[in-house]
Structures are given as C-alpha cells and as structure tokens.
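In what follows, a structure is listed as structure tokens, so that the remarks can point back to it.
The values are calculated or read from the model by the stated rules, or taken from the named source; none is laboratory data. All of these numbers come straight from a predicted model, not from anything done at the bench. Cβ placement follows ideal geometry from the backbone for every residue including glycine, while neighbour counts extend to all protein chains displayed. Remember, those area values only see protein heavy atoms, side chains included, never the ligands or the DNA or RNA. Shrake-Rupley method; radii C 1.70, N 1.55, O 1.52, S 1.80 Å.
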Amino acid sequence: MPFITVRDLTIEYSSGGYAVRPIDKLNLDLQSGELVLLLGASGSGKTTLLSAFASLLTPESGTIQVGDLDVTSLRGKERVRYRRDGVGIVFQAFNLVPSLTARENVMVPLRGARRTRSTARRRAEELLAMVDLGERARHRPADLSGGEQQRVAIARALALDPPLVLADEPTAHLDYVQVDSVLHILRELAQPGRAVIVATHDERLLPLADRIVELTPRAPGEARPPERVLLEPGEVLFRQGDPGELVYVVESGAIEIVRERADGAEELLDVVEPSGYFGELAPMFGLRRSATARAGAERTVLIGMTLREFRAQRAEAAPTS
C-alpha cells in the first residue's frame, strides 16, 4: 500500500486576475523510504505541490492521503497538529532566526510542542551531531556558511521526527562544495517510515532519487510529421493549463485565444486567422498552455507541428535577398 496517495489533485489560484492551474488532475503513489524529486522549471507547480503536502493550502479538488490521514480534509486543530507533528519543512532561504544559535534554532519546534528545555536541548544536540554540526551548536546563522545553515534547517525539520520531510529548492543558494553534504543528508533521511520530497530544478540530485516526478511538460524528442486537425465551430483544441507539444498554423477558419479569469469569466486575447500561427511558447519553454484555443464560428482546419518542423518551415518561407 502506498505511503502517500494523490488522486485527481487540482490546485488553482489567481494571478493578476487570471486563473492559474499549475497542478491539474495529478495522480501519484509514493512509498515509505523513498527520496522523491519534483523536477521542473519555475512556475511548474513544485512549490505549490509541496504546500499542498504540508496542508498550507487547500486544493481546488482531489485528495492527498499520507498514511491513513486525508490531508486535504484537515481543518482547525487537526491541521495545526499535522503541520507540527507530521511534516518537516526545509526552506530554500534557510529561514533561521538570526538572533538564535544553531542549537536554539533546532529547539524552536520542540519548545513549540511543549517539550521541556532539557529535552529540547538534548534532541537539538543529537540532530546537530547527525548533520556534523555538533561543534557549531553555539554559532548564530551569520557565523555559518550557506551549507551549514541549510544543515541546521534540516536538523530543525527533523526535530519532531516527522514521517514526511519536504524540501523546497534546498541547494539553490549553495555552491558545489556545500551541496555535497546536504545531498548526502537528504539521501540518508529517506528511510522506512519516512518519505522525503524535494522540489528542485537542480539536476545534480537526479542520481540520488528513488523517484522523479516531472512537472515541466516536455515535448517528445522524436520527429513527428505535421498533422491536420479539423475543429467544428466552438470546439476546443487545448485548454489553459494543458501541456503543450505542438505549434499550430491556421489553414482555414479562425481560432479564438481566450484566457480564463479568476472569477470564471473569459477574456478574448486574440483571433488567429488563416496563415497565422499560435501555441509556440509552450513547446519552446516547456510550459503549460497559458490560454485556451478554440474554433470560431466556422469549421476550422489547422496544421499542428513540432517546434523543430515549425522553425524549418518558417525558415524555408523566409524571403532571400
């Protein structure tokens, strides 16, 4: 039985008045003891998905189950208890309290959980020794390197021995020397009874992962011949938030490009007529579709092609001097 089960998860939020859906009907099964990478470019939904795992946001629909607990249904005190006891979070920017020593930073969640000072101190010292910082326990963040600060943050995330550890771009501010120790600690944390989920675009982590979840849509690398697409009036070609593989050229009819607003209304951005093209940004940058494309008031014929084929055809059509 999976340790973490995600079913039909959709997360939506408003950005500049528009509806953004970085996670759309995601299904996922993760096992205890796995180091899982959420891999993708900025804006692909990595941090958003981590926030849902941590119950820091409520998805539009779908469920996340950790063990026997339905995280998406938690409210009030149950949600607070889950965040405190069930999840350890390692932040990109470390988020250490500048005025506290390394030991005191690790003690913060323990004291928040009403552990005695002596118990919290012993646990903090154990964890700092585990991340090879026992001799730096009395140092404040300003006196620690970036790698050392991140190791303190990892120790703090483990303070209450959570079954789920989430790390958001944990190597983003580290050089190649500092990264080494952090990577090995993250690898060692993934043991039976605990899963470690890391959001990253850092491909140095790939060899360490048990599982890679690719959140950036990628166009297939193999060649594909151009394909003819026939749309009836009003028929949708792709929707806002869909993965994008092809560029489209309008042969006849017209395509309406519309964007969904956060209030549910639509905004007409453009009408693409014969010889015009659209949809090139998604395959070019590995993005999801930023708008919906649908046929106008008449039957529409399109030619869909890979980015490579589209560029080749545009180059052939360019005038020569």
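Observations, loosely collected:
- Test result for Ala315, of a type in the set (Gly, Ala, Ser) and surrounded by 19 or more Cβ atoms within 10 Å (Cβ to Cβ): no
- Pairs, first at negative phi and at pLDDT 90 or above in region 21-33, second in a strand (DSSP E or B) and open to solvent by 50 Å² or more (accessible area, probe 1.4 Å), C-beta under 6 Å, six or more apart: Asn27/Arg7
- The sole residue among Glu280, Glu266 that is over 25 Å from Leu9 (Cβ atoms) and in contact with a strand residue (DSSP E or B) (Cβ under 7 Å, 6 or more places away or on another chain) is Glu280.
- Filter result (touching a residue at least 60 places away in the same chain (Cβ under 8 Å) and of a type in the set (A, V, I, L, M, F, W, C)) within region 54-72: Ala54, Ile64, Val66
- Residue satisfying condition, being basic (Lys, Arg) and either under 30 Å from Met107 (Cβ atoms) or open to solvent by less than 20 Å² (accessible area, probe 1.4 Å) (or both), within set Arg211, Arg194: Arg194
- The set of residues in region 298-313 being under 14 Å from Ala282 (Cβ atoms) and among the polar types (S, T, N, Q) consists of Thr306 alone.
- Subset of region 146-189 [open to solvent by 10 Å² or more (accessible area, probe 1.4 Å), within 21 Å of Glu125 (Cα to Cα) and either touching an Asp or Glu at 6+ places or on another chain (Cβ under 8 Å) or among the aromatic types (Phe, Trp, Tyr) (or both)]: Gly146, Arg151, Leu160, Ser181
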